[in-house]
Every structure is written in structure tokens, then in C-alpha cells.
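FYI, it's all coordinate maths here, none of it is from the lab. On a predicted model such as this, the values are computed, not experimentally measured, just so you know. With ideal geometry, Cβ positions are generated from the backbone for all residues, glycine too; neighbour counts draw on all protein chains shown.
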Amino acid sequence: MHKLVATKTDLFSELSDDILKAASEIDTSPSVHESPYGTIPLKHFIQSEQELAAVCSALIGDLKGLSPQERALVKNSSSAVVEADYDSIRAAIQSGLDPLGEVFSTIRTAKERRASGAVYTPIAIVDSMMAWLSDQGAPERIVDPGAGSGRFILAAGDAFPEAKLVAVEMDPMAALMLRANISVRGWSERASILVKDYREVRLPRCVGVTAFIGNPPYVRHHEISDIWKTWYSNSFADLGIKASALAGLHLHFFLQTRLLAKKGDIGAFITSAEWMDVNYGSALRKLLLEKLGGTALHVLEPTVEAFPGTATTAAITCFQVGESSNPIRVRSVDSLTCLNGLSKGMDVSREQLRTEKRWSIIVRPSAVPDAGEIELGEIFRVHRGQVTGANSVWIESEHARSLPDSVKIPSITKARDLIRAGAHLASAEELRCVIDLPSDLEVFDRHEIANIERFLNWAKSQGADQSYVAQHRKAWWSVGLKAPAPILCTYMARRPPQFTLNSCDARHINIAHGLYPRESVDDATLRGLVAWLNENINTDSGRTYAGGLTKFEPKEIERLRIPRLEILNA
Ligand SMILES: C[S@@+](CC[C@H](N)C(=O)[O-])C[C@H]1O[C@@H](n2cnc3c(N)ncnc32)[C@H](O)[C@@H]1O
């Protein structure tokens, strides 16, 4: 008999690249979380996906309904003998726990799961979304897109004993866990498990209301094939909405939901909240104002630690298809206990949302500047530094020794370069160089070209020509550093940003932001401003994530209040 203990969850690995890069300089390791889902030590006796598949197949029993992909996994697991305490596992599943999903999240690494956006939802969030759904009446059918081990569809099965259940999951391993959970609950007859891409799903007609509920996968557009990008923009175009191919998979799920739904259908999805502000999110914002009928938006501040160990703002979006006139209820939530069935919030008219480019400003409105203040963005544009696509190649190493000096550009490549310099970077001597070749190599002589070719062959052997960024540059080898910014700043740390006057024209990569004056600003003013910023900007002005990590997006730096320059100079 195996004792029941808690397992650690390492959920939400969907940190964007810039966060990951900046975070690599500081300790972001999550605190140990004991998820209420993980109360069985399956980890002790299930250590591979093969063994997990064997346990699932034993729990499923009758394997007749399996998809070919699940069948293949089961076949492959036949040699795995797992001596598990099946009674305890069944009891845990029946009581609403998810031991299979928990052990899966520890066997498959966060990095591997990131590729398919497999991050399972904590119970408090599932419960509050289910409470919201219960307030909307009883749906005839419930659809969980990207169901994983089935946390939403199982909770829905409990809340609505009469409803038909449809769970869509593309990963056969997850589908097996889902099937095992459904089978232990005794719901195999009322549930359909579709092991396929949600975007390919067709649903039979349903007279009553269908509710769509879940946590669509977060997969960035770099990992989405051109075929699906075309499907995305064409389908949006059919709805009269222009859509960008840069959208992530979670936005594809919103779109597909609209395509599957009929008037009166309802839903709630929890996703990363970035679409509220970014350009590619405009199609979804429009969809919610019109055809998908957004009704509420609950933004979970990163301090909530909705997904432990991650620096992510999440949003729960509720919708009712056909709703296009009532205001949308918005709310910023800073504690999971305040979710309260998603009933609270402030009503914002659709007209106001339509005119607003960034919805987070509406959810978290900031006070109007007083007469002596301006926003820093009135004087400066703030830009993230250049993404190299492969720092290990493009930041100078011994492989670059024979390259011409003219292509080795002293740059800020670590936040600590700025922290070490303090308020003033007077010399670039201590900085590392970024290799910034021009796209036209003809400007070099024969000897230089031979050395460059040798370097580029090595760079290719490191895959530097294959990164998404490299493939989208004019020439894959040309990093294209931005012009030197007179003021540089760090943007992610467990401390306020470091603002640094850049008097040696250092460039910067994307671990720092550059402040570029909109009109010329004299040196004394720049110096005064840097001193003021270092003295007055604290972590409260940015977004503080779990564990005290604070991040400032370029727009957040632009929104910082500073004294009018004449006051600063007085
Ligand atoms: C964020 S997880 C959510 C899992 C589960 N609903 C939960 O909340 O715990 C998203 C799930 O979507 C699945 N998925 C990824 N791409 C998919 C696709 N195109 N169609 C269907 N499912 C997909 C992943 O395998 C993963 O299990």
C-alpha cells in the first residue's frame, strides 16, 4: 500500500522569451507548491510515460473506444508492470483529485510540455469558473477544448449530471489520463473524447445551450504551421475581422469556439492575458466585442500565483454568443480567494473598449497625472533591445576572434552590466561585444570574407540560422542592433529598474530597454532625469510577480510619471 503525500507542481512554463532571458540572470525558482490535486505519490511508482499509460489502461479496463493513437501508447506500455494501489487511485479520482495529471506534470518536463501548452489548471480556478457556469443555467452539452487530464470536464460532469460531455485533446497520453478519469467516474457513456486538433473538430447539432469551458493551450505563433496561420486569418476574414498571423494557439481556440458555437451558447476560458494589449490581440478583442459576445474579463494579477512558479498574468474571459450590446464586466483580481464565482467587477461599455488599444489600462486604471507631472513617454520612446536569436553565437566568443573589429559592437548583454555601471556608463571597455554583420558581406575584403565564412559555418553548426528570429531577418547572420539609446534600463529583477546614462554609445540586446528622446534632450537634463528615476521609481510602478520579481514592459516605462523637465531642471 502506498501512502498518500503531496507532489510538487511545476505549472505554467509559458514565460515569454524575454522573461526567460532576463530571469536567467536571477533566481526565479518557484516556491514548493502543494497542489490540492496532487495528494497521491504516484511519482514513487510511475516514473515514465510508458508506466503512466499502463496505469491508465488498467483504470480504463475496456479499451474498445480508444483512438488509434491511444491504442499505440497502450501497446507500447504492455511491458511496463506497475504495482500500483488502484483502489487508492480510484478513490482519489472519485473525490475530485487528479493524481494522473499531477504525475504526468512531473514526468514530462516543463520544457517538453511547453511545446503543446500543457499546463494544468489549479483547482481554485476550475472551481470558480464552474461556479460561474452554474449561475448561467444548465447547459445541454459541455465542451472542454484542450482537456488535458480532464480537470474542467470532470468538474463539469459533477456540476451538471444531465449534460453531455465533450473533451477534445490532441495528445494521446493526456487523452488516456482523461479516459481513465472518465471511466473511473463511470461516465464513459455520457462523454465523448475526441483525440484530435480542436481546430478540426465538428460538433453534432445541439438544441440546448452548449458551454465551452477550459484552459486553451498557450503555444506561440513560432510553433504554429503556416497552414493553421492561413486558416486563422481566413476564418477571421470571413467574420469581417482582420487578424495577424502572430497570434498564439489560445487565440485560435477562441476563434474555433466561435465557429463551433451558435447564438446563446456560453463559455469561459482562462488564458494568458497578453492578448488584451498586444497588436495581434486586436482580432480577439474585436471578436469579444461582437461575434463571440464577451461578457466578463477577470484579470489575475501575477501576484496571485494562479499558476505557481510563473510570472504570468492570466485572464478569465466569459462570453455568451450573440451578446453585443451590454457592458463587459472587468475586474483585476489579486487573490484566488476573491474569484468568487466570477460575479464581481466594474461594467465598461463596449464603446469604451472599442476605442481602447490596451485593455489592461481599463482593468487597472491609473490616476491622472497632476499638473507638475508628465508621462515619461511624452519625452521618450522606450524600446526593448534587439533579440539575437542565439546569444551563445552572437555574443562574442573565441569563435569570433578572427572577425573584423568593426563587426564587434560593445553591448549591454546582461542586466548586471547596467547594475554594475550604476547611474552612468562612461566606458564600454568592460562590456562584451555582439557580432553584428551587415547583410551585404561584399563590403569586406577577401581575407575578411574567408574569416567571416568560417565563423558563419560554425554559427550554422550551432543552428543559429534556424531560429525563428534568424529566419525572419533580411540575412540570417545580420543581428541588426538598434541605435545606441542615451538612457538604458533593466526591466526585470527583484529590485527597481536600474536607469543608466549611456555616454559611451553602448548598444543593448533584449535584456534591457533603451529610452530614446522624441526630441533632442541636453546632457544635463538626461543626467538629472536618470538620477530622479533611480531615486523615485520603485517596484510598485511595474508588475510584481510571485516571489517579488518585478517586470517593466516598455509601455509601462513610458507610463511612469516624471516631473516636468523644467521642474526637474530648476
Ligand atoms: C493548458 S492545457 C489545459 C489542460 C486542462 N484543460 C487543464 O486545464 O488542466 C492545454 C491542453 O491542450 C492540449 N492541446 C494542445 N494543442 C491542442 C490542439 N491543437 N487541439 C487540442 N488540444 C490541444 C495540450 O495537450 C494540453 O493538454
Whole percent per 10 Å bin, from 0 to the bin with the longest distance: what is P(r) over all C-alpha pairs of the chain? 3, 16, 24, 24, 18, 11, 4, 0, 0
Amide hydrogen neighbours beyond the local backbone of ARG381, cut-off 5 Å, H modeled: TYR516, ARG518
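Give the peptides 108-118, 385-395 in descending order of average Cβ contacts within 10 Å, highest first. Each step should come with its number before you reach the end.
Values: 108-118: 17.5, 385-395: 20.5.
Put in order of decreasing packing, that is 385-395, 108-118.
Rank by packing, highest mean first: peptides 457-468, 408-419, with packing defined as the count of other Cβ atoms within 10 Å averaged across residues.
Values: 457-468: 15.0, 408-419: 21.5.
So the order, starting with the most tightly packed, is 408-419, 457-468.
Treating only the Cβ of Lys, Arg, Asp and Glu as charged (+1, +1, -1, -1), what charge dipole size does region 17-363 show about its Cα centre? Round to the nearest 20 debye. The partial results should precede the final answer.
Details: 36 positive and 40 negative charges, 242 e Å.
Taking the Cα centre of region 17-363 as origin, the dipole is about 1160 debye.
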Positive-pole candidate from ILE395, ILE435, LEU154, dipole of the chain, charges at beta carbon: LEU154
Partner lysines for LYS408 [C-alpha distance under 20 Å; skip if fewer than 8 residues away on the same chain]: LYS460, LYS474, LYS482
